[in-house]
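Here's the structure we're looking at; comments come further down.
Every number in this text was worked out from the coordinates using simple rules, so none of it is lab data. Because the structure is predicted, anything quoted here is derived from the model rather than measured. Note that each Cβ is placed from the backbone with ideal geometry, even for glycine, and that neighbours are counted across all protein chains shown.
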Amino acid sequence: MNDAVKIPAPSGSLPATDAGFERLKSVLSPGAMIRRNEPLAARTTLRVGGPADVYVEPAGEAELGAVLAICAERDWPVLVLGRGSNLLVKDGGFRGVVICLGHESFHRIEANGLRLRCGAGARVKAIAAEARRRGVGGLEFFEGIPGTLGGALRMNAGAMGASTFERVETVRLMDRAGAIEERPAAALGATYRHCEGLREFVALGAVLLGAPGSPEEIERTMAQFSQKRRASQPAAASAGCMFKNPAGIPAGRLIDELGLKGARVGAARVSLEHGNFLVNDGGATAREVLGLIELVRRRAWEARGIELETEVRIVGE
Ligand code: EPU
């Protein structure tokens, strides 16, 4: 849509106005958190980007449902934020309501044999640790993913040749009006680094099905994964792999072969350790990271005819 002909929302209808903010606040309990003009850079691993109009951490599912219903009714854009490890927020920030399942009620991990029922706010590293403790195998790859289960579901996160949905039995989800249901994983259409079936929903949690293992064996696998990761991936601030691997060649190898390691735009730089990681050397802006993304995409297209697609989600203005 052309911005010039957009009709401005009437005052009072935006989430950051006093009326909008108070309306959201009215459905929250004292255990919830709500803030106006909340900086998002510190809530993402890439550490760039502007503020959210409103940032909310509801204290439970009922409050989450009420917040979503208000946003739907008023047509306020919603962004559900996990650990922010696969997210690039633009410098102008997010005009709308950012919802984070940071409250402890969304973090639960309950084991029953090889099944782990986990809340979407649980860190996948914590799930990997709990699975190891209980001798539940198959979730070792979660060890190195710096995200929450909600984010891992939404993008079918993966590492070490495994991906989230290979271990998901069912997903509990909420629609934009606050209604809850549980769906089998197969109904959600997960593909490489994407889950179409969650696009319009908020994942509340999932049942993960592991495989029989022993804590010692699982520990060994996790240590191998960790070693491989440390040897091949940078520790600097980044959003993990920036691009999906195109057909035929891993994006990291392609960027490496193009001689782009070390290329920079301002304080955004292509990692020297791994070509698919764009790192923030300190003080980078989203504009700089976006400039570097464009530079890499242009070179991949011009030199090889390959169209790189970002894996990282880009939001804001
Ligand atoms: N390679 C290079 N140069 C580089 C980087 C990689 O030649 O600068 C080569 C490697 O030597 C290897 C191949 O490219 O032969 C693939 O590299 P790697 O094993 O690091 O895997 P990847 O395909 O680049 C994927 C995931 C990572 C995940 C790793 C480890 C994608 C886009 N990336 O990377 O996921 O951690 O495997 O299993 O699928 C992420 O999604 O954010 C992410 C980091």
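Here are a few things to note about the model shown:
- Packing-based exposure ordering (other Cβ within 10 Å, fewest first) of Glu61, Glu73: Glu73, Glu61
- The simple Förster model, with R0 at 41 Å and r as the Cβ-Cβ distance, assigns Ala223 and Arg36 a FRET efficiency of 0.40.
- Each DSSP beta bridge with both residues in segment 40-183 is either parallel or antiparallel, and the antiparallel ones are about 60%.
- Taking each residue as 0.36 nm, the span from Lys244 to Glu169 lengthens on full extension beyond its C-alpha to C-alpha distance by 24.5 nm.
- Note on Glu309 and Glu104: the model spin-label points, each 7 Å out from Cα along the C-beta direction, lie 4.1 nm apart.
- Normalised contact order of the chain, rounded percent, pairs of Cα under 8 Å and 6 or more residues apart: 17
- On the beta carbon distance between Ala179 and Ser29, with R0 = 30 Å, the FRET formula returns roughly 0.90.
- Sorting 147-153, 39-45 by their mean Cβ neighbour count within 10 Å, with the most densely packed peptide first, gives 147-153, 39-45.
- A helix-only calculation puts the chain at -8000 deg cm²/dmol for mean residue ellipticity at 222 nm, using -39500 (n - 2.57) for each DSSP H run of at least four residues, averaged over all residues.
- Compactness of the chain, expressed as Rg and Dmax over alpha-carbon positions, Å: 20.2, 63
- Length released on extending from Ala235 to Glu196, taking residue separation times 0.36 nm less the Cα-Cα span: 11.0 nm
- Förster radius 25 Å - calculated FRET efficiency between Asp256 and Arg298 (Cβ-Cβ, nearest 0.05): 0.90
- Cα centroid separation - segment 16-71 against segment 201-253, whole Å: 30
- Descending by average beta-carbon neighbour count within 10 Å, the peptides 222-233, 263-274 line up as 263-274, 222-233, the highest first.
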